[in-house]
Amino acid sequence: MPARDLINPSDPPDRQIDKLLTICSALMTRIERGSDDAGAAYAQFQRAVLLEDQVRQRTRDLEQALGLLNASNAQLALASAEAERARSDLAEAIETLREGFALFGPDGALVLCNSRFGQGMPDLRPHLLPGLHFDRYIDLASQSPALALPDGQTPAIWSASRKARQSDDHVVFNVALTGDRWMQVSQHRTEDGRTVIIQTDVSDIIRMERLERSRELDDQARMVRVTLDHINEGVGIFDTGARLLGFNARLDEYLAVGLRIGSGVERMLSALPPEDAEACLGWIAEGAGRGPLRLEFRRGASRVFALFAREIPDQGFVVSLTDVTTEREAARALSDANERLEERVTERTLELEDALGVAERAIATRSRFVAAASHDLLQPLSAAKLYLSSLQADLTGSPQAGVLGKAQNALDSVTGMIEALLDISRLEAGRAAVDLAEIDLGALLRQLADEFAPVAARKGLDLRIVPTSAQVRSDPTYCRRILQNLLSNAIRYTPSGKVVVGVRRQRATVRVEVWDTGPGIAAEDQEAMFQEFKRGTGQGATEGLGLGLAIVDRACATLGHPLSMDSTPGLGTVFRVTMPVVKGAGRRASNTAVRIPHNRWRHDGLVVLLIENDPDMRRALALLLEKWHAQVLDVASGAEAKALMEEIDLIPDAMLVDYKLAGEERGTDTIRDLRAAAGPIPARIITARRTAEVQAAAEAVGVGILTKPITPVDLHLFLETAGISRR
């Protein structure tokens, strides 16, 4: 290899000379060794050339690395300068704060603080240097003469308590300093474990709060004094040694023993009877933890006082004295009034028993008469119907057949009228026997469909009865009569169109609805539809006695089946009857007959307020309620009711209020006023009006309605509910 190939022209001259000397030395060594070493020398020369190439490459790599290192050092120097500038800016920033500021590192060493940190403790300033440990700082602060420790607390206790809060994420507390100075310390721990402490001088704020609190206490003391001097009770405050600390003028007036501040409790007790004074001394001797003391005593011939004593937090006690003379006289007057009321109740009970006896005999006589008359009339009517039936086959096809059919229809109508009279008599008497059982409502409706389908077909009406599988609990006879009368009425008063019977299922009940497309009933006439002998207008109005809906109303009330109706003149009417569903498919209900004669109902001790401006109606209801052993307060208006309640100081258990009282007074307004004064007393509106206006007014005050004529069962159920709520 030529020597020029071994020399790098770009190398420094010294480097090139060193290489040439190395080459020459190698050649001389080879020549000296002779021919045996020629091959080895040449091999070494080749290795030297290769090594030189590797050195040259490593040199270039080293130079590149040195360049990168120099660039990194430049950037590091720039970053260090920026960090130093930031640190300087931070130091200037925290120095401008009005509060003391300090930052402790994760290791608890002080990183930096401003000159205001520890300003309340000048002796700490020389120690507040970077590197000061937090625990050492707390120890120095606990020993500072500027720290005002609470009573009973040593520097060691204060230091331990302060160190225990160092691990809290955030804490704020006040530190008392000498010279009536206060420092608020806010300590926050950062996510990386550093601790920031901010100290704020709050001395002025605390002094202002203390001044305001002192003013408030002075104002409260004056207010308490004024209040004590103006209340009707006499009040005295005693310390733990039973010495009088304060009292009002009323206590001195009541006792008249010349009370003085600092005097013992014996001076006050000298005005009490000996046995009551002994009771008070025994209570005082019990010491801390004693319960309240109550007693009454007399002074003179007429005055009665109630004494009440209670322990106060400092183990002293407060005594209050109340003049209860008026209350005791009122109680005696009320007792006398109660005795007179009991005598009046006894007298009225006797009158009620006589009146009820007469009424029951009259009802029994009427029932026996109606039953006898019905039986006597139905007997020949049944014979006449048999005679007419026997003639019907002989007159088939003759002109007299039509006349015979009309006669048969007339007899059927008379029979229905007599049966209706008998039903209404029984229901009104309140002696109807109710045999509750499980009824297959679907089967009953199918029977009625078979019964009325020919009648509807003769009138050209579309009769539809929607199938149902509902099982209800009711009396089979009266349930059939209810649905039968509603369906008969719908067909009778519907000249054209259709009649639909359907069942709507609810949670625990079903609602049977009978719809028709008849002439409808005006709102003002709907109440009268449930009265006896009241018939609608239009086709069919001349048929029957008008007892169908009256029987439905009475039967539903007796069975407890809610009955309602809606009607639009010119469009039709719907009647709704709600019945309870039998729980458990296939289970038969009890068939035991249940008698509900209202003369056996009792509501002992129930106080009922009756507000009714009609004297006859008020008298009838009062007699019935008193027969049930209820106490009745009967008045004609809300004003009389309120005055009576205030006079006897008694809140009734239930209220019965007529909707339309004298003048413009409405029962719903009266209920609202009485409840506002006496609380949520159970109440019912009694009215003969079945209008949306009355219903809305009753719902607005949250009461139900008892519709006139009031049935005993409805009245009994309401009083039963009121009695349960009282208990």
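Observations, loosely collected:
- Applying a threshold of 7 Å to beta carbon distances and a minimum spacing of six or more residues, or different chains, the list of pairs starting in segment 507-523 at a residue that is in contact (Cβ under 8 Å) with a residue 60 or more places away in the chain and under 11 Å from Met565 (Cβ atoms) and ending at one that is surrounded by fewer than 19 Cβ atoms within 10 Å (Cβ to Cβ) and small (Gly, Ala, Ser) reads Glu513/Gly502.
- Taken together, Gly34, Gly108 contain a single residue that is at pLDDT below 75, on the phi > 0 side of the Ramachandran plot and open to solvent by less than 80 Å² (accessible area, probe 1.4 Å), which is Gly34.
- Residue within segment 481-488 that is farther than 16 Å from Leu559 by Cβ, in contact (Cβ under 8 Å) with a residue 40 or more places away in the chain and assigned to a helix (DSSP H, G or I) present: yes
- Sub-9 Å Cβ pairs linking a first residue in segment 600-626 that is at positive phi to a second residue that is open to solvent by less than 40 Å² (accessible area, probe 1.4 Å), at least 6 apart or interchain, are Gly605/Ala630; Gly605/Asp653; Gly605/Gly723, ordered by first then second residue.
- Checked against (1) under 17 Å from Ala557 (Cβ atoms); (2) modelled with pLDDT of 85 or more; (3) surrounded by fewer than 17 Cβ atoms within 10 Å (Cβ to Cβ), Thr477 passes all but a single condition, namely (2).
- Elements of type helices (runs of 4 or more DSSP H) contained in segment 645-727, each with 1 or more residues being open to solvent by 20 Å² or more (accessible area, probe 1.4 Å) and modelled with pLDDT of 90 or more: 667-678, 692-701
Yes/no matrix, rows are residues, columns are (1) at pLDDT 90 or above; (2) out of contact with any helix residue (DSSP H, G or I) (no Cβ under 8 Å at 6 or more places or on another chain); (3) part of a loop (DSSP other than H, G, I, E, B); (4) under 17 Å from Leu559 (Cβ atoms):
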{"position": "Val434", "(1), (2), (3), (4)": "no, no, no, yes"}
{"position": "Ile439", "(1), (2), (3), (4)": "no, no, no, yes"}
{"position": "Leu444", "(1), (2), (3), (4)": "no, no, no, yes"}
{"position": "Ala449", "(1), (2), (3), (4)": "no, yes, no, no"}
{"position": "Ala453", "(1), (2), (3), (4)": "no, yes, no, no"}
{"position": "Arg458", "(1), (2), (3), (4)": "no, yes, no, no"}
{"position": "Ser469", "(1), (2), (3), (4)": "no, no, yes, no"}
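The values are calculated or read from the model by the stated rules, or taken from the named source; none is laboratory data. Bear in mind that the values here come from a model prediction, so they are computed numbers and not experimental data. Cβ coordinates were reconstructed from backbone atoms using ideal geometry, including for glycine residues, and neighbour counts include every protein chain displayed. Each accessible area value is taken on the protein alone, full model and side chains, heavy atoms only, with ligands, DNA and RNA left out. Shrake-Rupley method; radii C 1.70, N 1.55, O 1.52, S 1.80 Å.
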